[in-house]
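The values are calculated or read from the model by the stated rules, or taken from the named source; none is laboratory data. This structure is a prediction, so every number in the text was calculated from the model and none was measured. No Cβ is skipped: glycine too gets one built from the backbone with ideal geometry, and neighbour counts run over all protein chains shown.
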Amino acid sequence: MVEFDQSILGKEFVLGSFRVTEEMITAFAQAVGETSPQYVSPETAKNTASGGLIAPPIFYDVFRADQVPDPKVKFGKVSFNAGQRCEFHAPIRPGDTITLKARITDVYEKTGRTGKMVFIVRETTYENQKGEKVAVVEQSQVRRESGSARE
Amino acid sequence: MSGKTVYFEDVDIGDEITPLTMNPTRETIAGYAKACNITEKRFTDEAYAKSLGMASTIAPGNMGLAYLSRMLNDWAEGAILRKLEVRFRGFVKPGDQLTCKGLVVEKHAGGSDNAIECDVFIENENGDRPVAGSATVVLPTRG
């Protein structure tokens, strides 16, 4: 069994709060070529079903915490994103303050055709200033000895 | 281009989501990294990526999710993405000729009146699918 800090499992960490601006939203939308008015045009967005500018769902990726819970896995030189499960409950809007809370929910090892891999599963909850959960993202990080292949 | 409204009643199992072609370059990947405050060098620094044993720089995994999310909204403007779940089975690299694709596989997803379930994936020019999974999308109704 892979060695890691077992005491961290399930423990919730508040990673910080981030204020969202119109510019952050439009910059993110433009970076993936969005043309939908609700994501790129504060003026036109007022006349869409969203009632104003909203962030595209994957906007949660802009929030970077200085520190994330680390189970200190004693294996692997490289780590990659293996998979992601996102649930979206409400749109993020300009002026929102989003608080990130994260916990490690699982650490397990697996042997694939390129050798041993260790998976770290982290769940991050994104909450707005009203205490509403806007998104929950479960990310699976894989640690391996070499970066030549994903699996 | 942004799409038009797609109503729940007008969608059938087996319907194809309008594909979206994306051609990520070093510049667009750097642009995404900047918008997301990503500082990890494997996405922007070729020599560093190679030192990790990778063939070249790669795109951040979330950039692929953002492409799939865009495909769904371009197809059905204003539809609400409720869930997106993917596995990363390969890398997206600068210069890839990508097509984001999707297929409606279920109506009334999760018991909801007007949600659909779609298989979604990103295919490159070699026919590989570096990103693949499923999406739950809530569509407006005519009623």
Give A:120, A:54, A:58, A:104 a once-over and let me know the one that is in contact with a strand residue (DSSP E or B) (Cβ under 6 Å, 6 or more places away or on another chain), within 27 Å of residue B:29 (Cα to Cα) and crowded, with 20+ Cβ neighbours inside 10 Å. A:120
Inspect all residues belonging to segment A:91-112 and state whether any of them is part of a strand (DSSP E or B), closer than 26 Å to residue B:55 by Cβ and among the polar types (S, T, N, Q). yes
Candidate set: segment B:58-80, residues that are buried (at least 20 other Cβ atoms within 10 Å of the Cβ) and in contact with a Phe, Trp or Tyr (Cβ under 6 Å, 6 or more places away or on another chain); chosen: the one nearest to the other protein chains (Cβ to nearest Cβ): B:61
All helices (runs of 4 or more DSSP H) inside segment A:1-55 with 1 or more residues being modelled with pLDDT of 95 or more, touching a Leu at 6+ places or on another chain (Cβ under 9 Å) and not assigned by TED's automatic domain parsing to the domain that holds residue A:70: A:22-31, A:37-40
Within segment A:132-144, can one find any residue that is crowded, with 21+ Cβ neighbours inside 10 Å, farther than 16 Å from residue A:10 by Cβ and over 18 Å from the mean Cα position of the chain (by Cα)? yes
Using the structure shown, decide if residue A:88 is surrounded by 14 or more Cβ atoms within 10 Å (Cβ to Cβ), within 13 Å of chain B (Cβ to nearest Cβ), aromatic (Phe, Trp, Tyr) and in contact (Cβ under 8 Å) with a residue 60 or more places away in the chain. no
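Quick check: is even one residue across segment B:38-59 within 14 Å of the chain's Cα centre (by Cα) and either free of Cβ contacts under 8 Å to residues at least 12 places away in the same chain or over 30 Å from residue B:110 (Cα atoms) (or both)? Even if it seems obvious, please write down each step before you answer.
Restricting attention to segment B:38-59, the residues satisfying the condition of being within 14 Å of the chain's Cα centre (by Cα) are B:59.
Going one step further and asking which of them are either free of Cβ contacts under 8 Å to residues at least 12 places away in the same chain or over 30 Å from residue B:110 (Cα atoms) (or both), we end up with B:59.
Yes, some residue in segment B:38-59 is within 14 Å of the chain's Cα centre (by Cα) and either free of Cβ contacts under 8 Å to residues at least 12 places away in the same chain or over 30 Å from residue B:110 (Cα atoms) (or both).
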Leading residue by the ranking (nearest to residue B:62 (Cα to Cα)) among those in segment B:114-136 that are among the charged types (D, E, K, R) and in a strand (DSSP E or B): B:123
If only one of A:12, A:43 is more than 13 Å from chain B (Cβ to nearest Cβ), free of Cβ contacts under 8 Å to residues at least 12 places away in the same chain and of a type in the set (Asp, Glu), which one is it? A:43
